[in-house]
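Asker: Starting off with a structure, shown below.
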Amino acid sequence: MKSIQSRPGTHRRRQLCLPVAGVVVLGALAACGGGGGTEAEQPKANPIAAGKVPAYYPAGYSDLVSQAEHEGGTLTIYSNTSEENWAPVFRDFKKKYGFVTKISANDLDSDEVFQKVLSEQATGSSPVDLVVSNAASAWATFAARPKMLASYQSPELSKLPDYAKLLPDVYAMAMDPQLLAYNTSLMDKPKGLHDLAEKVAADPGKFNNKITVRDPESSFGFTVTHAYTKALPTAWDDFKKLLPKTRPETSSGTQMEKILSGEYMAGFLISGGPAYPVVGDSDGLVDVVYPEEGTVVLPRGIGLAADAPHPATAKLFIDFLLSAEGQRAVAEGGLSSYRAGVSGPGLHTYQELVDKVGKDKVIQVPYTEVSKNESDAWLKRFDDLVGK
């Protein structure tokens, strides 16, 4: 490891976690209590080499650290990632670089992330440093626009699989599996969407309006459901049984809350990021499975804003996020790490998925645009089955 010479930070750490104007300000999450029940497994402490970077980083990396230190220890992120998912990442990034004292992260819808940046750019400038979302098609459209993202080649790239770079200027923060969640007190464990469809067909009255799916009118909902049917065309046969009994929701968090309360018995294509913490806090009332016929994996992308006010700090954050330390923190927050070597109690990883369902059953969503004709035709077919 190479030592980084940097002046100790002069800013005091914030002692409260307060929502400010819709923005989650995470000044010292390690010192702020969190709710929830008893988790089955608790991750071990993540050892952070404060003030040091891997030996394979370029010789001049200390200059980037010095530049970041002079930016004031502040970072602004627009994302669709929850406070709970971010908490270990922000905590450990601050351990790595003690001069970082304030990280502000919006928790927006996957489409809203891009709309907010575009709206602010149209009126002059945006305070955003980093953009994070897992709306694949929307990412492809946004990244193709001029002057939206800055180019940055992370020194961690050589240690990551090829799919770590989703687009020329967009890296994968995590590989989020899309799960089937169910209330264990209301139904037996389903093996996948086909098995769930068979259960519904056997007792349709029991499941009427008791299943939830993500609303495909949103980029996220469309992306994961379209990817599933594209990889498994026979899924439409299962959808004929499932969709008339479903109610679309606009967020995975809402879906999990309603499955926990019993309003829904089950839901499918629910993002693992918000799902895993609910399962851990549910005392066994809610569980999730990787659909056995095929599990969709949606990468969560991160990119450096072209006009970032704190570009050096943002680059340090990207590098940390992709590092072994950062990917360990990503997994602790409930997202799925994809870097080799990350493992342990309470951590979810891409390799865990591959081991359980097999590599040939992983449906990885590409960051590409879908034509309007294709999306319109697909949505009509979906809506016809739902009964809209």
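The values are calculated or read from the model by the stated rules, or taken from the named source; none is laboratory data. As the structure is a prediction and not an experimental result, all values here were calculated from the model. Cβ placement follows ideal geometry from the backbone for every residue including glycine, while neighbour counts extend to all protein chains displayed. Accessible surface areas use protein heavy atoms only, side chains included; no ligands, DNA or RNA. Shrake-Rupley method; radii C 1.70, N 1.55, O 1.52, S 1.80 Å.
Asker: Assign unit charges at the C-beta atoms only (+1 for Lys and Arg, -1 for Asp and Glu), then state the dipole size of segment 303-377 relative to its Cα centre in Debye, rounded to the nearest 20.
Answerer: It works out to roughly 200 debye.
Asker: A further question on this structure: Whole-Hz Karplus ³J(HN,Hα) for segment 317-334, in order, using 6.51 cos²θ - 1.76 cosθ + 1.60 and θ = phi - 60°, x for Gly and Pro?
Answerer: 5, 4, 4, 5, 4, 8, 6, 4, 5, x, 5, 5, 5, 4, 5, 5, x, x
Asker: Separate question: Need the full-extension length gain, Asp109 to Gln364, defined as separation in residues times 0.36 nm minus the C-alpha distance. One decimal, nm.
Answerer: 89.7 nm
Asker: Just Gly341, Gly280, Gly253 to compare: in a GNM of the chain, with alpha carbon springs under 10 Å, which one fluctuates most?
Answerer: Per the Cα network of the chain with a 10 Å cutoff, Gly341 tops the list.
Asker: I need the shape label for segment 262-388. Rule: rounded when a/c is under 1.5, else prolate if a/b > b/c, else oblate, with a, b, c from the alpha carbon gyration tensor.
Answerer: The shape class here is oblate.
Asker: Rounded to the nearest 0.05, what FRET efficiency do Ser62 and Asp203 give with R0 = 45 Å and r taken as the Cβ-Cβ distance? Could you check?
Answerer: E between Ser62 and Asp203, to the nearest 0.05, is 0.10.
Asker: Nearest 0.05, what FRET efficiency do Thr123 and Asp237 give at R0 = 41 Å with Cβ-Cβ as r?
Answerer: 0.25
Asker: Still on this model: If I model a spin label at Lys147 and Asp215 as a point 7 Å from the Cα along the Cα→Cβ vector, what separation in nanometres do I get?
Answerer: A separation of 3.3 nm, rounded to one decimal place.
Asker: Within 13 Å, Cβ to Cβ, of Met256, how many net charges do the neighbouring residues add up to if Lys/Arg are +1 and Asp/Glu are -1?
Answerer: -4
Asker: Please compute the per residue accessible area over the chain with all protein chains in place, 1.4 Å probe, rounded to a whole number of Å².
Answerer: The answer is 42 Å² per residue.
Asker: Turning to a different aspect of this structure: Taking 7 Å along the Cα-to-C-beta vector as the label spot, tell me the Ala55-Lys191 distance in nanometres, rounded to one decimal.
Answerer: 4.9
Asker: With a ≥ b ≥ c the root eigenvalues of the C-alpha gyration tensor of segment 105-168, is it rounded (a/c under 1.5), prolate (a/b larger than b/c) or oblate?
Answerer: prolate
Asker: Which percent of the accessible area of the chain is formed by carbon and sulfur heavy atoms (probe 1.4 angstrom)?
Answerer: Details: 8230 of 16350 Å².
Here carbon and sulfur together make up 50 percent of the probe-accessible area.
Asker: Same structure again: Among Gly303, Val289, Val362, which residue has its Cα furthest toward the positive end of the charge dipole of the chain, with +1 on Lys/Arg Cβ and -1 on Asp/Glu Cβ?
Answerer: So the residue we want is Gly303.
Asker: If you don't mind, there's one more thing I want to ask. Explain nothing, just the number: dipole magnitude of segment 235-388 about its Cα centre with +1 on each Lys and Arg Cβ and -1 on each Asp and Glu Cβ, in debye rounded to the nearest 20.
Answerer: Here the size comes out at about 260 debye.
Asker: Structure shown: which of Lys159/Lys230; Lys165/Lys359; Lys191/Lys356 lie over 24 Å apart, alpha-carbon to alpha-carbon? If you can, show how the numbers build up before the last one.
Answerer: Numbers: Lys159/Lys230 31 Å; Lys165/Lys359 19 Å; Lys191/Lys356 12 Å.
Correct reply: Lys159/Lys230.
Asker: Once amide H atoms are built 1.01 Å from N in the peptide plane, which residues 5 or more positions from Thr184, or in another chain, come under 5 Å H to H?
Answerer: Val286, Asp287
Asker: Classify segment 205-305 as rounded, prolate or oblate, taking a ≥ b ≥ c as the square roots of the eigenvalues of its Cα gyration tensor: rounded when a/c is under 1.5, otherwise prolate if a/b is larger than b/c and oblate if not.
Answerer: Verdict is oblate for segment 205-305.
Asker: Can you work out ³J(HN,Hα) from phi for every residue in segment 274-281, in order, using Karplus 6.51 cos²θ - 1.76 cosθ + 1.60 and θ = phi - 60°, giving whole Hz and x for Gly and Pro?
Answerer: Along segment 274-281, the couplings run x, 6, 4, x, 5, 4, x, 9 Hz.
Asker: Determine the relative contact order of segment 218-316: mean sequence separation of Cα pairs under 8 Å and six or more apart, normalised by residue count, in whole percent.
Answerer: After rounding, I find 25 percent.
Asker: Using 0.36 nm per residue of separation minus the Cα-Cα distance, give me the extension gain between Lys372 and Lys230 in nm, one decimal.
Answerer: Value of the extension gain: 49.6 nm.
Asker: Could you derive backbone 3J(HN,Hα) for segment 373-383 from the dihedral phi with the Karplus parameters 6.51, -1.76 and 1.60 (θ = phi - 60°), listing whole Hz in sequence and x where the residue is Gly or Pro?
Answerer: Along segment 373-383, the couplings run 4, 5, 5, 5, 5, 5, 4, 5, 5, 5, 4 Hz.
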